[in-house]
Each structure stands twice: as C-alpha cells, then as structure tokens.
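Q: If you scroll down you'll find the structure; I have some questions about it.
The values are calculated or read from the model by the stated rules, or taken from the named source; none is laboratory data. A quick note: this is a predicted structure, and the numbers were derived from the prediction, not measured. Glycine gets a Cβ as well: all are built from the backbone with ideal geometry, and neighbour counts include every protein chain shown.
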Amino acid sequence: MKKLVILFSSITMLSCSDNHKEEMITILQTADIHAYLNPHSELFVENDSIVFRNTGGLANIKSLVESIRQENPDGTIFIDSGDLIQGSGESVHSEGKIFPSLIQAMNYDLLIPGNWEVIYGKQVMLDVMNGYKTNVIVSNMYHEADEKPIFPPYWITEKKGVKNGGSLPIMTRKFRYDKARVLVKG
C-alpha cells in the first residue's frame, strides 16, 4: 500500500550579530483539521482505554493560538500541514470555498497542502489556497502544461532577528484513492 507522505523541516538560524542574544521562537502547528468548524467528539486512547473528548473547532484553535502568541508576540510562527478543507458538510457544499476568509482570520504564517486539498480538483485547490493570502509551499506539485511549480518549495521568515525556514513539504501523488489521484493530475 502506498502512503501519503508530508515532510516539513524547519531550520532556525541565528542572524549574525555582535550581541548573540538568545531568543525564543514558538512554532505552532495544526494538521488534519478536516474542515471541522465547530468542536466535535474525537476518539482518544488513554491508559489503554478508549475515551471520547470534545476537541477542535476553528474558534477554539484561534483562541488557543492567540493566547500563546500573547506570550511571545514577535516570535511565534503558526503553520498548517494540510488536510484543512475537506471533511465537514459545510466544506462539501461549498467545495472548500468558505475557507479563505476563515483561514485569513486565523493568521497562519504558512500553509502546506495535504492530499485532501485536491479533492475538489486542482483549480478549486488553487483558488482556495491563493484566497488564504498567506504563504503556501510544496516541493513537488507542478502545472502539467509547463512543469512550473504550483507553489514555492520553501519559505523563510525572520522573527526577533532569527531567520526561520521551511522546506521539503512533499504531497505525493501516490496515495490510495483512485479518484483523488485523478484530481491531482494537471
């Protein structure tokens, strides 16, 4: 069985300066939100027992992220690692098109497409992800006609004089669902 692989490496480099002051950089990451706008019951295994807890919801995530950002306002990076727009009824009915304004309000610094970002087709994915108006990177998604990258393969930002870079996000075409494989084409 082929598996989807998303790799993300983060590199933090101190800027050359005379003071060599230590700085705290906070990196927050979400993944597999699957379009859950509201909290929902989720299965967890704790102490070898199955338990269900309410989790998620974009408003809850935003509140948590904002409280952490207040602790380190100039040194926080917020990333989503994919599978954001597919899963809820709202997403299905809108083909993910309700998400750009919501994701803009979340204030992500960087987004990486996952295998479910292509579920509504390449053009919808491009429209939705470009509508976020934030950085999107992936190393191996290309336009079929000219083989140019759909998004840049890396990203660099500076927080508190510290350069931070992300590279190697790979969304593979080799995943299980035949229909999704067709949607990646192009």
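Q: Quick one: in segment 85-103, of everything that is at pLDDT 90 or above and of a type in the set (A, V, I, L, M, F, W, C), which residue is nearest to residue 166 (Cα to Cα)?
A: The selected residue is 103.
Q: With the checklist (1) more than 13 Å from the chain's Cα centre (by Cα); (2) of a type outside the set (D, E, K, R); (3) surrounded by 20 or more Cβ atoms within 10 Å (Cβ to Cβ); (4) within 29 Å of residue 25 (Cα to Cα) in hand, flag the one item residue 101 doesn't pass.
A: The number of the failed condition is (3).
Q: Failed condition for residue 81, given (1) touching a strand residue (DSSP E or B) at 6+ places or on another chain (Cβ under 9 Å); (2) modelled with pLDDT under 90; (3) among the small types (Gly, Ala, Ser), with all others met?
A: (2)
Q: Let me ask you something else. How many residues are within 10 Å of residue 84 (Cβ to Cβ) and in a strand (DSSP E or B) when one looks only at segment 29-58?
A: Summing the residues that are within 10 Å of residue 84 (Cβ to Cβ) and in a strand (DSSP E or B) in segment 29-58 gives 1.
Q: What number of residues within segment 21-41 satisfy the criterion of being under 15 Å from the mean Cα position of the chain (by Cα) and not polar (S, T, N, Q)? I'd like the intermediate steps shown before the answer.
A: First pass over segment 21-41, keeping only residues under 15 Å from the mean Cα position of the chain (by Cα): 27-36.
If we keep only those that are not polar (S, T, N, Q) as well, we get 27-28, 31-36.
Of the residues in that region, 8 qualify.
Q: Here's another thing I want to ask about it. Just a yes or no: is a residue in segment 102-111 over 17 Å from residue 136 (Cα atoms) and either free of Cβ contacts under 8 Å to residues at least 40 places away in the same chain or of a type in the set (S, T, N, Q) (or both)?
A: No - not one qualifying residue is present in segment 102-111.
Q: What are the residues in segment 140-159 that are in a strand (DSSP E or B) and either without any contact (Cβ under 8 Å) to a residue 12 or more places away in the chain or at positive phi (or both), if any?
A: Selection gives 142, 149, 156.
Q: Quick test for you: out of 141, 106, pick the one residue that is modelled with pLDDT of 90 or more and surrounded by 14 or more Cβ atoms within 10 Å (Cβ to Cβ). Outline the logic, then answer.
A: On the way: 141 fails: modelled with pLDDT of 90 or more.
Exactly one of 141, 106 is modelled with pLDDT of 90 or more and surrounded by 14 or more Cβ atoms within 10 Å (Cβ to Cβ), namely 106.
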